[in-house]
1. How many nm is it between the label spots at GLU35 and ALA3, if each spot is 7 Å from the Cα in line with the beta carbon?
2. How many nm separate the modelled label positions at ALA324 and ARG241, each set 7 Å beyond the Cα in the direction of the Cβ?
3. Along each principal axis of its Cα atoms, how long is segment 205-259 end to end? Whole angstroms, biggest number first, please.
4. Once you compute Rg and the Kirkwood Rh from C-alpha atoms, what is the Rg to Rh ratio for the chain?
5. How much length, in nm to one decimal, is gained on full extension between ASP21 and ASP218, taken as 0.36 nm per residue of separation minus their Cα-Cα distance?
6. Could you give the dipole magnitude of segment 123-268 about its Cα centre, charging the beta-carbon of Lys and Arg +1 and that of Asp and Glu -1, in debye to the nearest 20?
7. Go through TRP211, VAL274, HIS348 and say which Cα lies farthest out towards the positive end of the charge dipole of the chain; charges sit on Cβ, +1 for Lys and Arg, -1 for Asp and Glu.
8. Starting from the 7 Å offset along Cα-to-Cβ, what nm value, one decimal, do you get for the label separation of ALA270 and GLU286?
Amino acid sequence: MQAVFDGHNDVLHRLWSHARDGGDPVRQFVEGTAEGHLDAPRARAGAVVGGLSAIYVSSPDMQPRIPDENGHYRIPLPRPLDRHAALDTAMEMAAIAHRLDRAGAWALCRSTGEIRAAIRKGVFAAVLHIEGAEAIGADLAALEVFHAAGLRSLGPVWSRHTLFGHGVPFAYPADPDIGPGLTAAGFDLVRTCNRLGIVVDLAHINEKGFWDVARTSDRPLVHSHSNVHALTPVARNLTDRQLDAIRESRGIVGLNFATTMLRSDGQENAATPVSDMVRHVDRLVERVGIDCVGLGSDFDGATIPEAIGDAAGTQVLVAALADAGYGSDDLARICRENWLRILADAWHE
Ligand code: ZN
């Protein structure tokens, strides 16, 4: 058993949808639900002690993944979002994060000290993340206000264009080197995040954007939820060159549990064995080193292996890694300590 601090979940999006349907998001998180993957009872059962929780605004024009006869697919990037509509939704999700905090359902953490204190108390340690910065304008005023409201991590793009940069489409097989890099506003965003102490998350950005962040950011490179392109050639996964850059910066890659990013055939199929997860961890450790690998489950955001099922099944992966030869020191790093090191660095602790 290893306590897991996880690099990426979409529970806020699920709770926001529940609230839109008239439900009580705090109650759903505290009491648990059969929906999705993550809530307090299932986190406790799987020893998931905390993680980065995304403010994510979905695209109304997102198309389904329909493979052709060869199993290949390519979903075009959805249209850019309207900023004001995105800001409204982002505020609603941030408000839910704060309601959970006030109710003691989770602790909204702004430092690794707060994370460790919440873990000791047995309260889920949440870190507020924005996945796709559409809610923020070029003047970055909203960034400062979100930071004051607890935002400590941000991805400039989800898989679509923003005024800061360009996302990678969901496509298999496909290369992440698609389209131009950061815009002038994007460079400004990265520098401002560095200064304020906000993680810059490279998940979903295209390859030119990745290299632009790599040469601009003064912090270790963070890719919260992606796997190895050499094993699963989806555009969202990381090429060996990108992994080398993450290793050189002493950054982190969080293993994504999405079956589309684990299986060699790139298919969405819950009957994906845990051995596929171990295979990606092995390759990540080989390429970036044991100090630069973490977990980034994508709970509530993806189809994950049925052998894991939901957050309650997280220790199935930990046990499989132990069986594959990872000792308790290595597992502690992969499961939480690497993430806590990265966050301490990004937050100027
Ligand atoms: Zn994502």
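1. 3.0 nm
2. According to this spin-label approximation, the distance is 2.7 nm.
3. 33, 19, 16
4. 0.93
5. 66.7 nm
6. The dipole magnitude comes to about 280 debye.
7. Sorting the options by dipole projection puts first HIS348.
8. Between ALA270 and GLU286, the simple spin-label model gives 3.1 nm.
The values are calculated or read from the model by the stated rules, or taken from the named source; none is laboratory data. All of these numbers come straight from a predicted model, not from anything done at the bench. In this analysis, Cβ positions are derived from the backbone assuming ideal geometry, glycine residues included, and neighbour counts consider all displayed protein chains. Each accessible area value is taken on the protein alone, full model and side chains, heavy atoms only, with ligands, DNA and RNA left out. Shrake-Rupley method; radii C 1.70, N 1.55, O 1.52, S 1.80 Å.
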